[in-house]
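Some notes on the structure that comes next.
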Amino acid sequence: MSATAAALTPDLSPRSGERSAPRESLRAGIGLRARHHEEILVRLPAIGWLEVHSENYFARGGAQRRQLENLRAHYDVSLHGVGLSLGSTDPLNAEHLREVSRLLRDFEPMLVSEHLSWSSVDGRYLNDLLPLPYTEEALQHVAARVSAVQEALGVQILIENISSYLRYQCTEVPEWEFLAALAKQCGCAILLDVNNIYVNATNHGFDPHEYLHGIPRPLVREIHLAGHTLTRIDGREMRIDTHSTHVADEVWALYASALRRFGPVPTLIEWDADIPELDTLCSEAAKADLIAESCRAAAA
Amino acid sequence: MPPLRELQQHIVAHLFEEQTTDITPWISPDGITPVSRLRIYRNNLHEGFIKTLALEFPVVHRLVGEDYFRQLTRSFLKSHPSRSGDLHHIGAPFPSFLRAQFADSEYRYLPDIARLEWACQECLVAEESEPLDPAALRAVPLEHYGTLRLSLRSACRLLDSPFPILRIWEANQPESAASELISLDSAPDFLLVCRTTGRLRLHRLEPGHYRLLASFAAGLGLEEALAASLACDPRFDLGTALRRCIEHRVLARITFHPPRSIP
């Protein structure tokens, strides 16, 4: 390979040795779970990057943290928060924010994200992601919170759309309008969870493609893919975002639509319950890469 | 519809099964009742909480069985809800909750088992620190021993119990067959839990040795610590105890009070 060709070819191999500056990778990444730490370190599979739940690494020491330090020498890492409770009407949790800030300093993540949701009030935490009503009041509230977080961390953060099992009567606009307005108002980016769009579209009855078209192109900086399950409640089908299985075929198809609209976006496979062998996660990531490659080829 | 804050307060109260305003008119039915929709979130709240506690307290879980553990942890959730976006903290008040529940019952040893399990959890995530170099201790001239203070590594916990909690803990590990009969009156336990090079170790200590480490942890100087250990065991031997401290990699630093420099 000539020097020019090498310079034009993205480096998709796992990194080795010293950390380089954070960069976004086009190859799909996987959500890092403790049971895979050692195996990834030994095998260094050819995946784009690793995403961690920030809260799992708040501890000052221990095997989990040390292994992430080791993995960081080989892979880019993104920090994905599940506990900041951005939509809560309590004061922002300063201690939690300090912990995230410390992780930013220690791990130099390529992306930092949180959810469009709330999970606590009056200091009581549900440790779950609850939807907000999509009202002007909620928009102004969350926009101020996201701005405060970005200021405290000194980086732009990505806000992710969640799966939800209820909608509020007072909701004024569809979720995609709310998310786009939030990003416009506070300058955050969007982590688009394509599985969550599909789950909500079927649970709440809207066209998932309308959602994609409601999000302005340059805002999407990461895509999540995960598996969900189907259950019956009150005699009706309900899709539950369990992160416990393979990405559904319909979600892969919607992913292709998303890539056609947004162009190449760093994509991540999440699998948090009934966690499979590492190879299964790597094949899901490879499948995302194949779809991304065919979308790139079609666009060219 | 109420303002956002009230909406959140009423939803949380509903999920915790407290008396609250009827919130169902605020939620769109869309073919599934609001109560069923809210039940999904209540279920997530319970399951996430119970699962986390079962991982942090596997021996308590095994001792009381799945059904009773669920019942206990649901009642614990109501009195001690999570106060953090990081679920890892919820187990901290679980031992004292169990103490209030089981003070005079056949399960009276259970709070101490929970204390032991929480000590393990704390050690597993404590800050890394190098154990004391034995050469540094040997280099201290005998005449300075009076002002010597020794601190413990952050990945160490001490706990004592009137019950044989280490044997109960060992007999209830995943690989153990649960057939051993352990008399609650057999002997009190004086334990050191310590994480060294990534591995958690549990040591049963002599009472005098335990007292020495407890004195170090409380910031006492060597002279006072030695006196306390001799008071609880007249045959206590400091040299043996310090050698075991080095073996267990429990000591962190040497300081002197008043401060002095080692020649």
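When the P(r) is computed for chain A, the part past 28 Å accounts for 37% of the Cα-Cα pairs. A straight line joining the Cα centroids of region A:261-292 and region B:194-263 runs 51 Å. Counting Cβ atoms of other protein chains within 10 Å of each residue's Cβ and taking the mean over peptide A:115-127 gives 6. Applying 1/(1 + (r/R0)^6) with R0 = 60 Å to the Cβ-Cβ distance of B:Tyr145 and A:Thr229 gives a FRET efficiency near 0.35.
Between 0 and 90 degrees, the angle of helix B:4-15 with respect to the longest Cα principal axis of chain B falls at about 80 degrees.
Interface size between chain B and chain A, please: total buried accessible area, 1.4 Å probe, rounded to the nearest 100 Å².
On the way: alone 14940 and 13660 Å², together 24670 Å².
Interface between B and A: roughly 3900 Å².
Which of the GluC sites (Glu not before Pro) found in region A:149-191 are in a DSSP loop and have at most 15 neighbouring Cβ atoms, other than their own, within 10 Å? Those that pass, being in a loop and sparsely packed, are A:Glu172. In region A:52-161, which trypsin sites (Lys or Arg not before Pro) fall in coil by DSSP and have 15 or fewer other Cβ atoms within 10 Å? The qualifying sites are A:Arg60. Counting only protein heavy atoms, probe 1.4 Å: which residues of region A:75-89 lose 30 Å² or more of accessible surface in the full assembly compared with their chain by itself? Residues shielded by partner chains are A:Thr89.
Counting only alpha carbon atoms, the long axis of helix B:222-232 and the longest principal axis of chain B meet at about 80°.
Comparing A:Phe206, A:Phe178, A:Phe107 in a Gaussian network model of chain A where C-alpha atoms under 10 Å apart are linked, the largest mean-square fluctuation is found at A:Phe206.
Computed from the Kirkwood radius of its Cα pairs, the Stokes-Einstein diffusion coefficient for region B:128-263 at 10 °C and 1.306 mPa s stands at 98 µm²/s. Whole-percent P(r), the protein assembly as shown, all Cα pairs, 10 Å bins from 0: 3, 15, 23, 23, 17, 11, 6, 2, 0. Rounded to the nearest 500, the helix-only mean residue ellipticity at 222 nm of chain A stands at -12500 deg cm²/dmol, with each DSSP H run of n ≥ 4 adding -39,500 (n - 2.57). Between A:Ile233 and A:Met238, the built amide H atoms are under 5 Å apart, and every one of these is 5 or more places off in sequence or on another chain. Loop-located GluC sites (Glu not before Pro) in region B:62-139 (DSSP state not H, G, I, E or B) with no more than 13 neighbouring Cβ atoms inside 10 Å: B:Glu106, B:Glu127. For chain B, the solvent-accessible area with a 1.4 angstrom probe is 49 square angstrom per residue. Each principal axis of region B:1-89 carries a Cα extent, and these read 46, 27, 21 Å when sorted largest first.
Carbon and sulfur atoms: what percent of the 1.4 Å accessible area of chain A do they account for? Spell out each step's value before the answer.
On the way: 6150 of 11730 Å².
It is 52 percent, rounded to a whole number.
Rounded if a/c is under 1.5, else prolate if a/b is larger than b/c, else oblate: which is region B:1-159, with a ≥ b ≥ c the root eigenvalues of its Cα gyration tensor? Prolate, since a/c reaches 1.5 and a/b exceeds b/c.
For A:128-137, what's the mean count of beta carbons from other chains sitting within 10 Å of each residue's beta carbon? Numbers along the way, then the final one.
On the way: counts 11, 2, 6, 1, 3, 6, 0, 4, 0, 5.
So the per-residue partner count for this stretch is 4.
To the nearest 10 degrees, how steep is helix B:110-125 against the longest Cα principal axis of chain B, on a 0 to 90 scale? Roughly 80 degrees, rounded to the nearest 10. Considering only A:Leu104, B:Gln71, B:Val60, the residue lying farthest towards the positive end of the dipole of the protein assembly as shown is A:Leu104, judged by Cα position with unit charges set on Cβ.
Please compute, for peptide A:229-238, the average count of beta-carbon atoms on other protein chains lying within 10 Å of each residue's beta-carbon. Spell out each step's value before the answer.
Working: counts 0, 0, 1, 1, 7, 7, 2, 4, 2, 5.
Shielding by partners across A:229-238 averages 3.
The values are calculated or read from the model by the stated rules, or taken from the named source; none is laboratory data. From a predicted model like this one, the values you see are computed outputs, not experimental measurements. Glycine gets a Cβ as well: all are built from the backbone with ideal geometry, and neighbour counts include every protein chain shown. To get the accessible areas, we keep the full protein, side chains included, count just its heavy atoms, and leave off ligands, DNA and RNA. Shrake-Rupley method; radii C 1.70, N 1.55, O 1.52, S 1.80 Å.
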